[in-house]
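Just so it is clear, none of the values below were taken in a lab; they were calculated from the coordinates. Note that this is a predicted model, so its numbers are computed, not measured. Glycine also receives a Cβ, built like all others from the backbone with ideal geometry; neighbour counts cover every protein chain displayed.
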Amino acid sequence: MDYSYDEDLDELCPVCGDKVSGYHYGLLTCESCKGFFKRTVQNNKHYTCTESQSCKIDKTQRKRCPFCRFQKCLTVGMRLEGARRAGLHP
Ligand SMILES: [Zn+2]
Ligand SMILES: [Zn+2]
């Protein structure tokens, strides 16, 4: 099978606004957020927000607050169980 996703990949990551690299954990996200989400889940990381848990997450500031970034990942619909279904999306 040949996946021609070029046009779909013009979309932007719902978490940080970077260019998406494909479907990760249930939706289109960028490579960076995919890796971040994976590390967070696999290492069972717990973050703390030093602000009011409402930090703005974008391409340039996404590393500043992992807590808010992870919250945003969940808010936009990234799912933990998606990790086990890699490759099964239509
Ligand atoms: Zn992203
Ligand atoms: Zn924060």
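Details
- Taking amide H positions as modeled 1.01 Å from N, with prolines and chain starts lacking one, the residues under 5 Å from His24 and 5 or more places away or on another chain are Thr29.
- Cα-only Debye scattering, region 8-78: base-10 log of I(q)/I(0) at q = 0.17, 0.22 Å⁻¹: -0.55, -0.91
- Counting other Cβ atoms within 10 Å as a rough exposure proxy, the listed residues Glu51, Glu11 run Glu51, Glu11 from fewest neighbours to most.
- This ranking places Thr50, Thr29 by how few other beta-carbon atoms lie within 10 Å of each, fewest first, which gives Thr50, Thr29.
- Taking every C-alpha pair closer than 8 Å and separated by at least 6 residues, the mean separation divided by the residue count of region 8-78 gives a relative contact order of 30 percent.
- Amide hydrogen proximity for Lys19: with H placed 1.01 Å from N in the peptide plane, the residues at 5 or more positions away or on another chain lying under 5 Å are Cys13.
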